[in-house]
Amino acid sequence: MADKIIRIALVGLSPNAVTSWAAVAHLPYLQSARGKTQYKIVALLNSSKEAAEKARAHFNLPSTVKAYGDPALLAADDEVDLVSVVTRVDYHYSAAEPSIRAGKAVYVEWPLAESLERGVALLGDSKEHETSIIGFQARLSPVATTVKKLLASGRIGKVLASQVRGFAATAWGKRPGTILAGGMEDMFTQRAIGGNFVTILYAHMIDLVHFVLGEFKDSHTTPQLRWPEVEVVDEAGAQLRTVRSDIPDLITVNGELAPGAADIQEGATLSVLFRSGSPFKGELPFVWYIQGQTGELKITNPIGPVLQAATIPGIKIELYDFTTDEVTEIPWETEWKEWQHELPTPGGKLVGDMYNRYAQWFQQADRTAVPEGGDWPRLKDAIRRHEEIDGVLKDFDRSTWNKLAN
């Protein structure tokens, strides 16, 4: 039926979680007036049944919401249509795999798994990945939408080159070689966990850039680890302990963009610089230039390169017209849908749009087509990004910088 409510299970909704993404980004839409016309929360999965029961009580969910501590039992529940996995990345595989094998649709936050190999293994031969969801919310950002429209309109002519510079200032202390304490320092220093500087922060940034400009035709990457010994510090900058890192903390990439996009000149290049820590004092932690034949775009964000937080005041899209020699600021806030203004956080607005797009497809009598302008990133898109990140890490393993760090 076209008006069918999607029965959803949330994995990782907890008052004690190190990250609160499930509570601040997923739950608000599902409990909103619009969300309730599309979804019904029917189950929770946590580390134990007792933990799920505590989460149900803490978030004032109905007693009819089932509590699970075993992913296999959730997968066997025929009254669940969609399983949303919002946990630390090293739990993604174990949480999602039984439901995927059972033929359920899943929404997995990025990264899909700890590595390319685990991501490929997770999908297996299932076809659900073709319509399931991966958490590349920045693709739905009104900033991304506005930039794509500007390029398609021909305002700067064909794209000739692009440069991106990003700094992960929010995850690290202000001094080089430091990281803020808070329960996530092991993730950002231990590559085996799978969620780190490269796989989360860099991947989200480069995915947005590729979404707008297309993929690399070929590229050369130079990853570096400048501080193998990382100081864990508190908010005041006082050192708490030292940990050893095996994750590159600086990435430079230069490459040629693949042909095919109508607004990209053949041979156009993309250059990327991404590093841990703060930028030079007084400079912005995210600057993205897109140079065209007749003009240039400059996109800046005062809080960093991850545009999931795209309502923070200060994000700008500026257009420099070569003919008039004038710079114009381009508004992007008007791209928000009316119902998104009711959601409390930027991330929640974008996660809500993801759920909304999926529901509009799901509730069709015939699900053979996606409504115009209503597509969303799928699990199969995650494999392409995992392949790129895998290449970065393999380049690092072969590099002189890795040998110096060890």
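Nothing in this text is a laboratory measurement; each read-out follows from the coordinates by a stated rule. If you're wondering where the values come from, they're calculated on a predicted model, not measured in any experiment. Reconstructed Cβ throughout: ideal geometry from the backbone, glycine too, with neighbour counts over all protein chains shown.
Here are a few things to note about the model shown:
- Extended-chain gain in nm, criterion 0.36 nm per residue less alpha-carbon gap, Arg101 and Ala369: 94.1 nm
- If only the Cβ of Lys and Arg carry +1 and only the Cβ of Asp and Glu carry -1, the dipole of the chain around its Cα centre is close to 480 debye.
- Square roots of five times the Cα gyration tensor eigenvalues for the range 94-165, Å: 34, 14, 11
- Lys/Arg +1, Asp/Glu -1 at C-beta; the chain dipole; positive extreme among Ala203, Ile290, Val230: Val230
- Relative frequency of Cα-Cα separations exceeding 18 Å in the range 1-89, percent: 38
- Its Cα centre serving as origin, the range 125-210 has a Cβ charge dipole (Lys and Arg +1, Asp and Glu -1) of approximately 620 debye.
- Within the chain, helix-based [θ] at 222 nm, where runs of 4 or more DSSP H residues each add -39,500 (n - 2.57), nearest 500: -7500 deg cm²/dmol
- Each principal axis of the Cα cloud of the range 126-221 was taken in turn, and the coordinate range along them, longest first, works out to 46, 41, 29 Å.
- For the range 233-279, the convex hull drawn through the C-alpha positions has a volume of 124 cubic angstrom per residue.
- Dipole of the chain [Lys/Arg +1, Asp/Glu -1 at C-beta], most positive-end residue of Met184, Gly119, Val65: Val65
- The Rg/Rh ratio for the range 252-406, using Cα coordinates for both the radius of gyration and the Kirkwood hydrodynamic radius, is 1.01.
- In units of the rule-of-thumb radius 2.2 N^0.38 Å, the chain shows an alpha carbon radius of gyration of 0.99.
- Counted over the range 46-99 with a bin width of 5 Å, the fraction of Cα pairs per bin, in whole percents, is 4, 19, 27, 30, 16, 4.
- Annotation for Asp397 and Leu273: the two label points, set 7 Å from Cα along the Cα-Cβ direction, are 2.9 nm apart.
- Karplus 3J(HN,Hα) series, Hz, for the range 103-110 with 6.51 cos²θ - 1.76 cosθ + 1.60 (x for Gly, Pro): x, 7, 7, 9, 10, 10, 5, 6
- Net length gained if the chain between Asn254 and Arg241 were fully extended (0.36 nm per residue, minus Cα distance): 1.1 nm
- Protection-proxy order for peptides 266-272, 233-239, each taking the mean of Cβ atoms within 10 Å per residue, highest first: 266-272, 233-239
- Averaging the sequence gap over all C-alpha pairs within less than 8 Å and six or more residues apart, then dividing by the number of residues, gives the range 1-94 a relative contact order of 37 percent.
- Simple point charges give the picture: +1 on the Cβ of Lys and Arg, -1 on the Cβ of Asp and Glu, and for the range 183-280 a dipole about the Cα centre of about 180 debye.
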